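Colleague: Please see the structure below; I have some questions.
The values are calculated or read from the model by the stated rules, or taken from the named source; none is laboratory data. The structure presented is a predicted model; accordingly, all values stated were derived computationally and were not measured. When we count neighbours, we look across all protein chains shown, and the Cβ atoms used for this are built from the backbone with ideal geometry, even at glycine. We work out accessible area using only protein heavy atoms, side chains counted, and drop any ligands, DNA or RNA first. Shrake-Rupley method; radii C 1.70, N 1.55, O 1.52, S 1.80 Å.
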Amino acid sequence: MNHKLEEAIRDRSAKIGVIGLGYVGLPLIRAFISGGFRTMGFDVDQSKVDKLLAGKSYIKHISSEWIAKHINDGCFEPTADMRRLAEADALLICVPTPLNETRDPDLSYIENTARQIAKVLRPGQLIVLESTTYPGTTREVVLPILSAGGLKAGEDFFLAFSPEREDPGNPKYSAESIPKLVGGIDHESGRLAALLYANAVVKVVSVSNCEIAEAAKIIENTYRSVNIAMVNEMKMLFDRMGIDIWEVIEAAKTKPFGFQAFYPGPGLGGHCIPIDPFYLTWLARRHGLATRFIELAGEINTFMPRYVVSRLQEALNDKSKPLRGSKICVLGVAYKKDVDDPRESPSFELMELLLAGGAIISYNDPHVPVLPKMRHYRRLPAMNSIPLTPEFLAGLDCVLIATDHSAYDYDLIVRNAPLIIDTRNATKNVTQFRDKIHKA
Ligand SMILES: NC(=O)c1ccc[n+]([C@@H]2O[C@H](COP(=O)([O-])OP(=O)(O)OC[C@H]3O[C@@H](n4cnc5c(N)ncnc54)[C@H](O)[C@@H]3O)[C@@H](O)[C@H]2O)c1
């Protein structure tokens, strides 16, 4: 039993280090500061550290005022100096877990972080992996790197997995208010990690080991991916039959049990749902099995931007217009409503397909003023978000609603644009000029 660490957690003198100050890391820092702890934030990106030190936030739902306040009161100390990892009593790893070129898990960020920690690891430290990954990562990948220096896990240092379940843009839930799963590589590691999080989040759910926690997180995301694919497929069928999928879902969800509403869209986006299930696919292959639901869901969801563009072409055709030369503005490049995160957003695929078809494209996103350069979409030109004035809208051939941000004035858009392709049912409350709206 590690009495010193336990005592430091209980009296909140333990220093919490969060590694990776992105969409997950910063809200986690906030949760621990609210819980009464002093925190350190580590990131290899010096420009992020400099911004934070200057009291500036780069994530929409964390305010600059909040950052500045806690830099000044000493509760938050951002740094790019990894030698200082030794100063923290608990280190929470929130680095990216993308797929590589062949769509296999890229664990290089986790491995690099574990190596950085291993260089300075000292007795009494608790390490928790939060990045989404396949079951087995904590024990098979992180543990050997941390143990290489001779310290013994479960006695000298402690290691657990606790998945982040952040839902960016959802005002109802924050890192603090979402129950947290915790599983250790051994009993003592799990117990200390659970004790730590109990001070920062509303509820801790302890599970038998880290593999259960890892598998639970990936099953949560797979569940979403598969169900979204199911409604996307239904949408294509119901569209053809002239049945409104949105009204169907509203009707079905009045059943008080056994049905959870998922909504169709222009494709999958974000750093999690389109990626994490494929971590499991890769793992299944190693076990000689296939994950057919995941593959099928991936196939359907990946096809959606093409489907949307074909619906858009049909609508233009009805007005005797070809796609080539048509002026089309895509609304929303963030992957979901009211966030500023463009990662894996289907809007990029939509824009590239439109461009390939000869359309003259523009975009608007109140949360993304400049189109970021994306690794997979190099053909897209540099663009800035164009303000949606009545004159600009009237000069277009079509508006394509890809993301249903609350900030949009849908009445204004429908009144002025000649044609609206709505992939999110964002215009459901618009009462005038509905004949201009095509759901897709
Ligand atoms: N964004 C979400 O909504 C969300 C939700 C649940 C889980 N997750 C998971 O959480 C993890 C982090 O995602 P994110 O969205 O916060 O990513 P992010 O890209 O916003 O942030 C990751 C940060 O880690 C930094 N980093 C990379 N390598 C590092 C290293 N070796 N040492 C220190 N810092 C390093 C990067 O510079 C970056 O600032 C991923 O595994 C993701 O799947 C994300």
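Listed here are the residues, each with its yes/no results for (1) in contact with a Ser or Thr (Cβ under 9 Å, 6 or more places away or on another chain); (2) among the small types (Gly, Ala, Ser); (3) in a loop (DSSP other than H, G, I, E, B); (4) more than 16 Å from the ligand (Cβ to nearest atom).
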site: Phe293; (1), (2), (3), (4): yes, no, no, yes
site: Thr302; (1), (2), (3), (4): no, no, no, yes
site: Arg306; (1), (2), (3), (4): no, no, no, yes
site: Asn317; (1), (2), (3), (4): no, no, no, yes
site: Ser320; (1), (2), (3), (4): no, yes, yes, yes
site: Gly325; (1), (2), (3), (4): no, yes, yes, yes
site: Ile328; (1), (2), (3), (4): yes, no, no, yes
site: Tyr335; (1), (2), (3), (4): yes, no, yes, no
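Colleague: A further question on this structure: Check off (1) loosely packed, with under 15 Cβ neighbours inside 10 Å; (2) within 13 Å of the ligand (Cβ to nearest atom) for Ala148 and give me the number that stays unchecked.
Modeller: Every condition holds for Ala148 apart from (2).
Colleague: It is to be established whether one or more residues within the range 265-283 are more than 16 Å from the ligand (Cβ to nearest atom) and open to solvent by 90 Å² or more (accessible area, probe 1.4 Å).
Modeller: Within the range 265-283 (the criterion being more than 16 Å from the ligand (Cβ to nearest atom) and open to solvent by 90 Å² or more (accessible area, probe 1.4 Å)), the answer is no, since none of the residues qualifies.
Colleague: Another question, then. Quickly run through the range 55-67 and pick out the residues that are open to solvent by less than 40 Å² (accessible area, probe 1.4 Å), under 22 Å from Glu164 (Cα atoms) and more than 20 Å from the chain's Cα centre (by Cα).
Modeller: Across the range 55-67, the qualifying residue is only Ile67.
Colleague: Quick one: which residue in Leu331, Leu316 is modelled with pLDDT of 95 or more and farther than 16 Å from Asn425 by Cα?
Modeller: One residue alone meets the criteria, Leu316.
Colleague: Counting only residues that are open to solvent by less than 10 Å² (accessible area, probe 1.4 Å) and more than 9 Å from the ligand (Cβ to nearest atom), which one in the range 86-113 is farthest from the chain's Cα centre (by Cα)?
Modeller: In this case the residue turns out to be Ala88.
Colleague: Just wondering, is there one or more residues in the range 35-54 that are within 14 Å of the ligand (Cβ to nearest atom), open to solvent by 60 Å² or more (accessible area, probe 1.4 Å), within 22 Å of Glu111 (Cα to Cα) and among the hydrophobic types (A, V, I, L, M, F, W, C)?
Modeller: yes
Colleague: While we're looking at this one, here's another question. What about Phe32, is it out of contact with any helix residue (DSSP H, G or I) (no Cβ under 6 Å at 6 or more places or on another chain), open to solvent by less than 20 Å² (accessible area, probe 1.4 Å), under 24 Å from Asp341 (Cβ atoms) and more than 14 Å from the ligand (Cβ to nearest atom)?
Modeller: yes
Colleague: Does Lys255 meet the test of being part of a loop (DSSP other than H, G, I, E, B), basic (Lys, Arg) and surrounded by 12 or more Cβ atoms within 10 Å (Cβ to Cβ)?
Modeller: no
Colleague: Ile71 - would you say it is at negative phi, among the β-branched types (Val, Ile, Thr), surrounded by 14 or more Cβ atoms within 10 Å (Cβ to Cβ) and within 15 Å of the ligand (Cβ to nearest atom)?
Modeller: The answer is no for Ile71.
Colleague: Continuing with this model, one more query. I want to confirm something. Restricting to the range 331-364 and keeping residues that are acidic (Asp, Glu) and on the phi > 0 side of the Ramachandran plot, which single residue is most open to solvent (accessible area, probe 1.4 Å)?
Modeller: Glu344
Colleague: Take Gly22 and decide whether it is within 16 Å of the ligand (Cβ to nearest atom) and either closer than 13 Å to Ala198 by Cα or out of contact with any strand residue (DSSP E or B) (no Cβ under 6 Å at 6 or more places or on another chain) (or both).
Modeller: yes
Colleague: Just the residues that are open to solvent by less than 40 Å² (accessible area, probe 1.4 Å) and either near the ligand (Cβ under 9 Å from one of its atoms) or free of Cβ contacts under 8 Å to residues at least 40 places away in the same chain (or both), please, taken from the range 154-168.
Modeller: Scanning the range 154-168 gives Gly154, Phe157, Pro163, Glu164, Glu166, Pro168.
Colleague: From Glu166, Glu140, which residue is charged (D, E, K, R) and within 17 Å of Phe32 (Cβ to Cβ)?
Modeller: Glu166 is the lone residue from the list that is charged (D, E, K, R) and within 17 Å of Phe32 (Cβ to Cβ).
Colleague: What number of residues within the range 365-404 are open to solvent by 40 Å² or more (accessible area, probe 1.4 Å) and in a helix (DSSP H, G or I)?
Modeller: 4
Colleague: Can you work out which of the residues in the range 180-194 that are over 22 Å from His61 (Cβ atoms) and not aliphatic (A, V, I, L, M) is surrounded by the fewest Cβ atoms within 10 Å (Cβ to Cβ)?
Modeller: Result: His187.
Colleague: Shifting gears a bit: Kindly list, by first and then second residue, each pair from a residue in the range 422-435 that is farther than 22 Å from Ser310 by Cα to a residue that is charged (D, E, K, R) and assigned to a helix (DSSP H, G or I), limited to pairs with Cβ atoms under 7 Å and residues at least 6 apart or on different chains.
Modeller: As it stands, the answer is Val430/Asp411; Gln432/Arg415; Phe433/Arg415, since those pairs meet every condition given.
Colleague: If Ser177 satisfies every condition in (1) within 15 Å of the ligand (Cβ to nearest atom); (2) surrounded by 14 or more Cβ atoms within 10 Å (Cβ to Cβ) but one, which is the exception?
Modeller: Evaluating Ser177 over (1) within 15 Å of the ligand (Cβ to nearest atom); (2) surrounded by 14 or more Cβ atoms within 10 Å (Cβ to Cβ) leaves (2) as the failure.
Colleague: If you scan the range 117-138, which residues turn out to be in contact with a strand residue (DSSP E or B) (Cβ under 9 Å, 6 or more places away or on another chain), farther than 19 Å from Ala215 by Cβ and open to solvent by less than 40 Å² (accessible area, probe 1.4 Å)?
Modeller: Correct list: Ile117, Leu121, Gly124, Gln125, Leu126, Ile127.
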